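Following: one structure in structure tokens, then a few remarks.
The values are calculated or read from the model by the stated rules, or taken from the named source; none is laboratory data. Computed from a predicted model, the values in this text were never measured in an experiment. Glycine also receives a Cβ, built like all others from the backbone with ideal geometry; neighbour counts cover every protein chain displayed.
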Amino acid sequence: MQIQSKLASEGLTIFTIMSALAKEHKAINLGQGFPDYDCSPELRERVSKYLNEGKNQYCPMPGLLELRKAICNKISRSYDLDLNPETQVCVTAGGTQALFTAIEAFVHPGDEVIVMEPAYDSYIPSIQIAGGVAISYAMKYPDYKIDWNHVASLITDKTRMIMINTPHNPTGTILEKEDLEALELLVTKHDLILLSDEVYEHLIYDEAQHESVLRFPQLFERSLAVYSFGKTFHTTGWKMGYIVGPEYLMKEFKNIHQWNVFSVNSFLQYALAEHLQDPVHYESLPAFFQKKRDYLTEALVDSPLKAMSSKGTYFQLYDYTGISDLNDLEFAKYLTREVGVAAIPLSPFYKESIEAKVVRLCFAKKLETLDQAAERLNKL
Ligand code: PMP
Ligand code: GLN
């Protein structure tokens with residue numbers, strides 16, 4: 001039988017490719033974004049407690065009510081917004097599923113979705129699967145800023161949605177208050193939905209404040225905001241997250257969610273609901289990760305790789321201009337094979353080819369791991 005893929009291209013994600021290459025060459029993996037240390041022992045104990053207590057059957061479709069209430073308390077504390085746990089929150093199988101389901105729910109065949117490139121790799125395939133058309137705005141080296149007048153010029157009568165990501169993977173940039181204000185004007189004027197990927201909400205540095213869509217009442221009325229417990233509690237393998245939004249959008253989101261997931265893993269929801277009661281678990285993250293960012297920056301200060309200071313996420317870009325003429329994919333492979341440190345190139349996050357000579361390193365690693373990686377990179 002002839003299978004016609006819904007996707008424009010086939011192939012593996014860059015994370016799979018680079019992690020496999022890292023394994024093959026026994027390289028230190030600063031490529032794919034995941035911690036090489038464990039989550040907190042308290043959280044592990046909570047998980048085993050609820051697992052052993054028999055919390056092993058279906059949870060309600062939008063998630064355990066205790067967890068939805070804990071999420072609302074966290075949002076009220078972080079963003080001064082009171083949400084209704086019954087109608088405005090849905091627990092999902094990670095941020096990726098929340099994004100995917102939101103796109104399936106609101107993007108109809110032929111609808112256009114504006115994405116900011118470099119774009120996290122699941123966005124464009126998710127739009128294509130829904131039959132939508134991704135319209136790219138390219139953020140450019142070296143500051144990766146967004147010109148909102150240019151974004152406005154991409155809006156047509158087919159535009160349905162804009163997607164943003166702040167703090168931003170892979171550049172480590174963040175959106176400022178003025179960006180969100182410009183966006184608020186755009187989505188209101190053109191009657192658009194905003195899908196805001198905020199999975200790195202707590203990984204933000206140098207005393208900056210995360211400008212969530214939840215801080216802008218008019219914007220929130222047209223937005224869905226996506227979060228991931230994988231980033232917040234160092235548990236990327238659990239694939240647990242949530243999405244929030246106004247009731248009329250969440251109603252349709254859940255309408256679709258019930259047919260592809262119904263409800264996610266039960267005992268983890270009980271454990272997360274309890275763990276969220278103490279804000280120290282997420283409010284300590286900026287200091288925790290800033291220390292790692294600064295440690296790697298310092299360790300590489302004499303290397304020819306030049307750090308482009310990360311303001312958020314657990315990634316930092318490194319500029320290799322002047323070291324090599326290789327393109328970023330080949331340079332990332334060279335680092336992995338010959339230097340023994342895996343990195344992620346930026347070109348797979350763009351539709352068009354790019355010239356910039358930068359690669360992304362992940363600093364969510366033990367200090368010993370960062371030391372070992374720096375020792376190798378300093379030989380460049
Ligand atoms: N969005 C961005 C920008 C990400 O970097 C990631 C994963 N690292 C996700 C979404 C997906 O999160 P999850 O692992 O919870 O699906
Ligand atoms: N989000 C992670 C990163 O950017 C990887 C997620 C994945 O492997 N799909 O590195």
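Taken together, the criteria place LEU335 among residues that are at pLDDT 95 or above, more than 16 Å from ligand 1 (Cβ to nearest atom) and buried (at least 23 other Cβ atoms within 10 Å of the Cβ). Only one of the listed residues (SER122, SER136, SER76) is among the polar types (S, T, N, Q) and free of Cβ contacts under 8 Å to residues at least 12 places away in the same chain. That residue is SER76. For GLY63, are the conditions met, namely being more than 16 Å from ligand 2 (Cβ to nearest atom) and either surrounded by 18 or more Cβ atoms within 10 Å (Cβ to Cβ) or not hydrophobic (A, V, I, L, M, F, W, C) (or both)? Criteria met by GLY63.
In region 245-260, the residues that are over 14 Å from THR87 (Cβ atoms) reach residues that are of a type in the set (S, T, N, Q) with C-beta atoms within less than 9 angstrom, at least six apart or across chains, in these pairs: ILE256/THR101; ASN260/GLN97; ASN260/THR101. None of ALA287, ALA307 is more than 21 Å from ASP143 (Cα to Cα), more than 16 Å from ligand 2 (Cβ to nearest atom), of a type in the set (A, V, I, L, M, F, W, C) and at pLDDT 95 or above except ALA287.
Residues in region 1-42 that are assigned to a helix (DSSP H, G or I), within 16 Å of ligand 1 (Cβ to nearest atom) and surrounded by 13 or more Cβ atoms within 10 Å (Cβ to Cβ): ILE14, PHE15, ILE17, MET18, SER19.
Among ALA130, ALA152, ALA208, which is within 22 Å of TYR318 (Cβ to Cβ) and away from ligand 1 (no atom under 14 Å from the Cβ)? Exactly one of ALA130, ALA152, ALA208 is within 22 Å of TYR318 (Cβ to Cβ) and away from ligand 1 (no atom under 14 Å from the Cβ), namely ALA208. Taking ALA182, is it away from ligand 2 (no atom under 16 Å from the Cβ), free of Cβ contacts under 8 Å to residues at least 60 places away in the same chain, surrounded by fewer than 20 Cβ atoms within 10 Å (Cβ to Cβ) and over 22 Å from ALA287 (Cα atoms)? Judged against the criteria, ALA182 is a match. Counting the residues of region 145-166 that are part of a loop (DSSP other than H, G, I, E, B) and more than 18 Å from PRO118 (Cβ to Cβ) gives 4. Checking the stated criteria, LYS69 turns out not to satisfy the condition of being part of a loop (DSSP other than H, G, I, E, B), more than 16 Å from ligand 1 (Cβ to nearest atom) and in contact (Cβ under 8 Å) with a residue 40 or more places away in the chain. If you check ALA105, ALA98, ALA138 for being within 15 Å of ARG160 (Cα to Cα) and modelled with pLDDT of 95 or more, only one passes: ALA105. Scanning region 222-252 for residues that are under 13 Å from the mean Cα position of the chain (by Cα) and either in a helix (DSSP H, G or I) or within 13 Å of ligand 2 (Cβ to nearest atom) (or both) yields VAL226, SER228, PHE229, GLY230, LYS231, THR232, THR236, LYS239, GLY241.
Every residue in region 161-179 that is crowded, with 20+ Cβ neighbours inside 10 Å and either modelled with pLDDT under 95 or under 18 Å from SER136 (Cβ atoms) (or both), please. Residues satisfying the conditions are MET161, ILE162, MET163, ILE164, ASN165, THR166, HIS168, ASN169, PRO170, THR171, THR173, LEU175.
Kindly provide the set of residues from region 77-101 that are of a type in the set (A, V, I, L, M), more than 14 Å from ligand 2 (Cβ to nearest atom) and outside any loop (DSSP other than H, G, I, E, B), ordered by number. If the condition is that a residue be of a type in the set (A, V, I, L, M), more than 14 Å from ligand 2 (Cβ to nearest atom) and outside any loop (DSSP other than H, G, I, E, B), then VAL89, VAL91 are the ones that fit.
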